Amino acid sequence: MERAEAYGFSGAMSGAFLLSCLLFAAVSRRQRGPYMDEVFHVPQAQAYCQGRFLQWDPMITTLPGLYLLSVGLVKPAAWLLGWTGRVVCSVGMLRFINLLFSAGNFYLLYLLLFKIHQKNKAVSGFQRILSALTLAMFPTLYFFTFLYYTDPGSVFFTLFSYLMCLYGNHKTSALLGFCGFMFRQTNIVWTVFCAGNVVAEKLNEAWKTELQKKKDEKISSRKGSFCDLTRILQFLVQYLMSPKNLVTLTALTWPYIILVSLFFVFVFINGGIVVGDRSSHEACLHFPQLFYFLSFTVFFSFPHFLTPTKIRKFLLSLRKHRVQYSLITVISLFLIWKFTYVHKYLLADNRHYTFYVWRKIFQRHELVKYLLVPFYIFAGWSFADMLKSKSIFWILMYFVCLLAVTVPQKLLEFRYFILPFLIYRLNIPFLSLYRQLLELAFYISVNAVTLYLFLNRTFQWENSDEVQRFMW
């Protein structure tokens, strides 16, 4: 990092942290007590602070990583600074931990952008800083900086694990992946993603060697016809059937294999992936979740997707591949028809934005969910088009992880899209400076509206005196 870039990054990070501290103070003044899921998280952390490690709220569905780390941070700080009484493990103190995670996420996002795009000499230091700032302000994640939720810590350890994987520190990456798993069990998918990065790199090297041997310039490891894809899949099967290759891949990925094995042991002993209340977190094949994620990605990355050039390319692709798109349309309609689920929380809890998205769009008419298929197809094509700089093996690996982390979820919840979105966004090309600034301005605007609604547009339910607030 050059000196000017280092100063610029320090200034951006300091400014963002100062702004977050001011917003944190505003949220803490208006909402002093636990809100929403904090009603479960805060008492559990406070029980750990008091040494009651065997106490557990059965309504909590995640492992105790957040509470253990909170005690590990707050208790030494209280001892060093002489804090006593209610301030130790208070709601404000516990929430402040996520403010620290938010700063850490900013730094990790910058390091990941630097590592992933280091070969692109056209990217300036200012663009890297601006992109890191934009992703640190990503609305769905940034909002939970000010509440005691698992999301900031979950993102921190997963991004840290990914960074260590890219630098080849796989044992450290697996250890950090375990920390991420302790925050949210579904983060095991991103441990598989890290292992998949290693496998994809070896496969791409072997594929290039195969091409060189055959001297077949028509086959591409990145894009091509259906015939090319068939050849790639045949190569993939042949490569993975070789005992020598499997031994090589196992030697490279053994830390991740151990962690995934421990995960399956946990699932077997626990009787499922969810701890605590399982009645509201049943796994199912909810394929439209993939369509919701693609729509979510288009919305938050519209400067990347909604450009005249990209729309023209999509229309040209439609004209050239009518049969393929017709088949995709039929499959999409079938998946929506047979595999759409509506969780009871989605219909009942009017504090979440998803409640209004579902009511204002999907519940307007039974046919709406089918009429959105053309938009889903455009979103899917644009999504894949932005990844064309990655190898086909990386794309396949990411897509498998994306399906694993979204499709089993019955509840439409934007928080579940945070990590797949960030990892995708980190790996696509940089925008022009104008579009980067537009994206940042959009994120800041969404954050401003969200926090304004949360702080000022309160309401009450019938037969309840508690103040309710709008949130993600």
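The values are calculated or read from the model by the stated rules, or taken from the named source; none is laboratory data. In this text, all values refer to a predicted model and were calculated from it rather than measured experimentally. Virtual Cβ from ideal backbone geometry, glycine too; neighbours counted across all protein chains shown. Areas reflect the complete protein model, heavy atoms only, side chains present, ligands, DNA and RNA absent. Shrake-Rupley method; radii C 1.70, N 1.55, O 1.52, S 1.80 Å.
Note on the range 263-354: enclosed helices (runs of 4 or more DSSP H) holding 3 or more residues that are free of Cβ contacts under 8 Å to residues at least 24 places away in the same chain are 308-320, 322-339.
Across the range 391-410, not a single residue is classified as part of a helix (DSSP H, G or I) and within 28 Å of LEU19 (Cα to Cα). Take the residues in the range 121-136 that are open to solvent by 20 Å² or more (accessible area, probe 1.4 Å) and assigned to a loop (DSSP other than H, G, I, E, B); name whichever of them is nearest to ARG95 (Cα to Cα). It comes out as SER124. Close contacts from the range 403-414, counting a first residue that is among the basic types (Lys, Arg) and a second that is surrounded by fewer than 20 Cβ atoms within 10 Å (Cβ to Cβ) and assigned to a loop (DSSP other than H, G, I, E, B), with Cβ to Cβ under 7 Å and a gap of 6+ residues or different chains, come to LYS410/GLU282; LYS410/CYS284; LYS410/TYR341. For the range 137-145, the count of residues that are part of a helix (DSSP H, G or I) and under 21 Å from CYS401 (Cα atoms) is nonzero.
If you filter the range 29-42 down to residues that are open to solvent by 60 Å² or more (accessible area, probe 1.4 Å) and in contact (Cβ under 8 Å) with a residue 12 or more places away in the chain, you find that the one that is nearest to HIS281 (Cα to Cα) is PHE40. Give me the residue from the range 77-92 that is open to solvent by less than 40 Å² (accessible area, probe 1.4 Å) and not small (Gly, Ala, Ser) and, out of that set, farthest from THR145 (Cα to Cα). So, considering only residues that are open to solvent by less than 40 Å² (accessible area, probe 1.4 Å) and not small (Gly, Ala, Ser), the one farthest from THR145 (Cα to Cα) is VAL88. Of PHE459, PHE430, all but one fail to be more than 27 Å from CYS284 (Cβ to Cβ) and exposed (fewer than 14 other Cβ atoms within 10 Å of the Cβ); the exception is PHE459. A Cβ distance below 9 Å, combined with a sequence gap of six or more or placement on separate chains, defines the contacts here; from the range 236-257, residues that are among the basic types (Lys, Arg) reach no residue that is part of a helix (DSSP H, G or I) and modelled with pLDDT of 95 or more. Going by the structure shown, is THR134 touching a helix residue (DSSP H, G or I) at 6+ places or on another chain (Cβ under 8 Å), at pLDDT 95 or above, of a type outside the set (Phe, Trp, Tyr) and farther than 30 Å from LEU259 by Cβ? Taking the combined requirement at face value, the residue satisfies it. Listed by first and then second residue, the pairs with beta-carbon distance under 7 Å, at least 6 apart or on different chains, first residue in the range 80-93 and within 16 Å of TYR48 (Cβ to Cβ), second open to solvent by 100 Å² or more (accessible area, probe 1.4 Å) and of a type in the set (Lys, Arg), are VAL91/ARG32. Give all pairs with beta carbons closer than 9 Å in which a residue from the range 355-367 that is over 25 Å from ARG415 (Cβ atoms) meets a residue that is among the hydrophobic types (A, V, I, L, M, F, W, C) and open to solvent by 100 Å² or more (accessible area, probe 1.4 Å); count only pairs at least 6 apart in sequence or on separate chains. Between residues of the range 355-367 that are over 25 Å from ARG415 (Cβ atoms) and residues that are among the hydrophobic types (A, V, I, L, M, F, W, C) and open to solvent by 100 Å² or more (accessible area, probe 1.4 Å), the close pairs are HIS365/LEU371. Do we find a residue being free of Cβ contacts under 8 Å to residues at least 60 places away in the same chain, buried (at least 23 other Cβ atoms within 10 Å of the Cβ) and more than 14 Å from the chain's Cα centre (by Cα) anywhere in the range 164-174? Checked against the condition, which is being free of Cβ contacts under 8 Å to residues at least 60 places away in the same chain, buried (at least 23 other Cβ atoms within 10 Å of the Cβ) and more than 14 Å from the chain's Cα centre (by Cα), the range 164-174 yields at least one hit.
The single residue among ARG222, ARG278 that is open to solvent by 90 Å² or more (accessible area, probe 1.4 Å), at pLDDT below 85, in contact with a Ser or Thr (Cβ under 8 Å, 6 or more places away or on another chain) and more than 30 Å from LYS369 (Cβ to Cβ) turns out to be ARG222.
Checking THR150, THR186, THR158, THR172 one by one, the residue that is touching a Ser or Thr at 6+ places or on another chain (Cβ under 7 Å) and of a type in the set (Ser, Thr, Tyr) is THR150 and no other. In the set (1) within 26 Å of THR134 (Cα to Cα); (2) open to solvent by 40 Å² or more (accessible area, probe 1.4 Å), ALA348 fails one condition alone, (1). Here ALA283 fulfils each of the conditions (1) open to solvent by 60 Å² or more (accessible area, probe 1.4 Å); (2) within 22 Å of PRO58 (Cα to Cα); (3) touching a helix residue (DSSP H, G or I) at 6+ places or on another chain (Cβ under 9 Å); (4) not basic (Lys, Arg) apart from (3).
This table checks each residue for (1) hydrophobic (A, V, I, L, M, F, W, C); (2) not in a helix (DSSP H, G or I).
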| position | (1), (2) |
| --- | --- |
| TYR148 | no, yes |
| GLY153 | no, no |
| THR158 | no, no |
| CYS165 | yes, no |
| GLY180 | no, no |
| TRP190 | yes, no |
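Here is the figure for the range 234-260: residues that are open to solvent by 60 Å² or more (accessible area, probe 1.4 Å), in contact with a helix residue (DSSP H, G or I) (Cβ under 9 Å, 6 or more places away or on another chain) and either β-branched (Val, Ile, Thr) or at pLDDT below 85 (or both) total 3.
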